[in-house]
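One structure is given here, and the rest of the page talks about it.
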């Protein structure tokens, strides 16, 4: 690939462990965001987040709080999000995770966060089968698409990663009947852009700076 970061060999099969969780695990409803060169604290500051926990692991409390913000009085207008430091090909990144959230794929929220850097995010919600993928460079949305419908793409360079997407296994036919991988393919494409390989062990060991932020 022509971009300056990433692991060009990543494919959907590398994330088969996620596919097993799409029905009832963490990735049945998630949003994952990666931002290059800023700390978790800087990321949360850019979001305008209200910090609630300095160090919280993934688990029941993280999940319960995430769903709580879909009830009154917020109804999803405020989301719970956690951020932790990771490394991709020797570069520092922040990985942010939401359970049943959407901040990371809301352009009005994350375009400002991407100032001066690269941001890659993706989402899937099994409840309504909705997903999304964003690649943003310093405020420029380079690629914006729904992994289930990878043949329809937006952004300033919608075809920049076509060869990578083919290699990964996305269905690029606009009216294709063979959907192919979606969530696992999104993780692989994010890895190609960031160099960050997300693993179950990484998430199990991670300690997140957590708080809430508005989706507008």
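The values are calculated or read from the model by the stated rules, or taken from the named source; none is laboratory data. It should be emphasised that the depicted structure is a prediction, and the values quoted were computed from it without experimental measurement. Neighbour counts run over all protein chains shown; Cβ positions are idealised from the backbone, glycine included.
Among the residues of the stretch 92-107, count how many are more than 20 Å from residue 46 (Cα to Cα) and surrounded by fewer than 17 Cβ atoms within 10 Å (Cβ to Cβ).
0
Within the stretch 71-89, work out how many residues are in contact with a strand residue (DSSP E or B) (Cβ under 9 Å, 6 or more places away or on another chain) and either outside any strand (DSSP E or B) or closer than 21 Å to residue 105 by Cβ (or both).
11
Could you run through the stretch 125-145 and say how many residues are over 13 Å from residue 189 (Cβ atoms) and modelled with pLDDT under 95?
Of the residues in that region, 6 qualify.
For residues in the stretch 79-90 being at pLDDT below 95 and surrounded by fewer than 19 Cβ atoms within 10 Å (Cβ to Cβ), which is farthest from the chain's Cα centre (by Cα)?
90
Taking residue 169, is it at pLDDT below 95, farther than 30 Å from residue 57 by Cβ and more than 19 Å from the chain's Cα centre (by Cα)?
Working: at pLDDT below 95: yes; farther than 30 Å from residue 57 by Cβ: yes; more than 19 Å from the chain's Cα centre (by Cα): no.
Criteria not met by residue 169.
Just one of (1) outside any strand (DSSP E or B); (2) modelled with pLDDT of 90 or more; (3) touching a helix residue (DSSP H, G or I) at 6+ places or on another chain (Cβ under 7 Å); (4) within 14 Å of residue 99 (Cα to Cα) trips up residue 33, so point out which.
So residue 33 meets the others, but not (1).
Between 148, 143, which is more than 29 Å from residue 50 (Cβ to Cβ), outside any helix (DSSP H, G or I) and over 12 Å from the mean Cα position of the chain (by Cα)? Outline the logic, then answer.
Details: 148 fails: outside any helix (DSSP H, G or I).
Just a single option satisfies the conditions, and that option is 143.
Pick from 200, 186: which is touching a helix residue (DSSP H, G or I) at 6+ places or on another chain (Cβ under 9 Å), touching a residue at least 60 places away in the same chain (Cβ under 8 Å), surrounded by fewer than 18 Cβ atoms within 10 Å (Cβ to Cβ) and over 26 Å from residue 50 (Cβ atoms)?
When all the criteria are applied, what remains is 200.
Taking the residues in the stretch 91-115 that are assigned to a strand (DSSP E or B) and either over 25 Å from residue 67 (Cα atoms) or without any contact (Cβ under 8 Å) to a residue 40 or more places away in the chain (or both) as candidates, determine which candidate is nearest to the chain's Cα centre (by Cα).
93
I'd like the residue in the stretch 40-60 that is part of a loop (DSSP other than H, G, I, E, B) and exposed (fewer than 15 other Cβ atoms within 10 Å of the Cβ) and, out of all such residues, is modelled with the highest pLDDT.
Among those residues, the one meeting the criterion is 48.
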